[in-house]
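Q: There's a structure below that I have some questions on.
No value in this document is a laboratory result; all are computed from the given coordinates. Here the structure is a predicted model, which means the values were calculated and not measured. Reconstructed Cβ throughout: ideal geometry from the backbone, glycine too, with neighbour counts over all protein chains shown.
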Amino acid sequence: MDENITKESANINQKVRDAQIQLLYKQTKIGLIGSLIVALTACLIFWPVLPQWELSLGRSNDFTDINKRNHGVLIPKKKSVNL
């Protein structure tokens, strides 16, 4: 009897973990889009105040970081099977 309960508990725990991973992947795309919007907004706000080369360099670093996170998180998800 206890062995059956343990198997059911392990199965439920695995289902919860799978659902959490799926939710994290869904939230990642929204987070990346939010980061992009914030970077562009900051660039527009500070454009008349800061030197343009600093803003351009900073935003290119932001876009590079966002692109790396996109390729590091979302693309492997597409290649995996039933994560």
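Q: With a point put 7 Å past each Cα toward its Cβ, work out how far SER60 is from ILE30 in nm, to one decimal.
A: Taking the two extended label points, one gets 3.3 nm.
Q: Roughly speaking, what is the stretch gain from LEU40 to THR6, that is 0.36 nm per residue apart minus the C-alpha to C-alpha distance, in nm to one decimal?
A: Gain on extension, LEU40 to THR6, equals 7.1 nm.
Q: Under the classification rounded if a/c is under 1.5, otherwise prolate if a/b is larger than b/c and oblate if not, where does segment 33-74 fall, given a ≥ b ≥ c as square roots of the Cα gyration tensor eigenvalues?
A: Judged from the Cα gyration tensor, segment 33-74 comes out oblate (a/c at least 1.5, b/c at or above a/b).
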